Amino acid sequence: MNNSASEKLRRFYSTFTSDDRVLILINADPDAIASAMAVKRLLWRKVASACIACVNIIKRSDNLAMIKLLGIKINYISEIDPFRFTKYIIVDSQPDHHDCFGLFRPSVVIDHHPETCIFGDFIDVRPTYGATATILTEYLRAAGIKPSEKLATGLFYAIKTDTGNFGRKTLMKDIEAFQYLFRFANHQLE
């Protein structure tokens, strides 16, 4: 992987200690869900714990199916004590994208939407990218982590949906990530 991805990964990791309890905050959709899965995988054995929490009620059948088929554990923010965590990550959103996000001082923000109100210790916002899942795929590759079938399937599906099957805003980076994930994904599920 290129030096830029390795440097961003190094800076991402430097934000955490092994004692941190990390809350990954999302407004659940396929890109946010898969990206949160990837963040959780990146932090495995690097922090004391990592938990995914969504700020929205998940109603769409495709999102519910994705969560069920991939066996993803997602908590609703209202069902947990968010203040027991030491670090907060916002994925596929920014602090002003939802009222609940504004309650936290994020340590990390990773997103592909146009920059609005952004702050944190580590920020990686790339509005030219078609999906946040592409950014997280680059992180996994820089870390030398081969994605599990479930993680690859989630990221693959996220890139596919957020780019509208590459009919919307797309970079070559999105296509490269999609091609990389293709060999690991379960195409029966997507």
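Laboratory data are not the source of any read-out in this text; all were calculated from the coordinates shown. What you see is a predicted model; the values in this text were computed from it and never measured. With ideal geometry, Cβ positions are generated from the backbone for all residues, glycine too; neighbour counts draw on all protein chains shown.
General observations
- Shape category assigned to the chain from the gyration tensor of Cα positions, a/c cut at 1.5: rounded
- Note, ³J(HN,Hα) from phi for the range 46-57, Karplus 6.51, -1.76, 1.60, rounded to Hz, x at Gly and Pro: 9, 10, 5, 7, 9, 9, 9, 9, 9, 9, 10, 7
- Counted residue by residue at 0.36 nm each, then reduced by the alpha carbon distance between them, the extension gain from Ala65 to Ser78 reaches 2.5 nm.
- Sites Ser18 and Arg168, calculated FRET efficiency, Cβ-Cβ separation with R0 30 Å, nearest 0.05: 0.15
- Each Lys and Arg Cβ is given +1 and each Asp and Glu Cβ -1; about its Cα centre, the chain then shows a dipole of about 560 debye.
- The length gained on full extension between Phe182 and Ala48, counted as 0.36 nm times the residue separation minus their Cα-Cα distance, comes to 45.1 nm.
- Rough spin-label spacing in nm, given labels placed 7 Å along Cα→Cβ, for Arg11 and Asp99: 3.4 nm
- Prolate/oblate/rounded call for the range 69-141, Cα gyration tensor, a/c under 1.5 rounded: oblate
- Rg/Rg_globular for the range 103-163, with Rg_globular taken as 2.2 N^0.38 Å and Rg from C-alpha atoms: 1.21
- Three-way shape label, the range 6-117, alpha-carbon gyration tensor, a/c 1.5: rounded
- Charged neighbours of Phe122, selected by a Cβ distance under 9 Å, balance to 0 (K, R count +1; D, E count -1).
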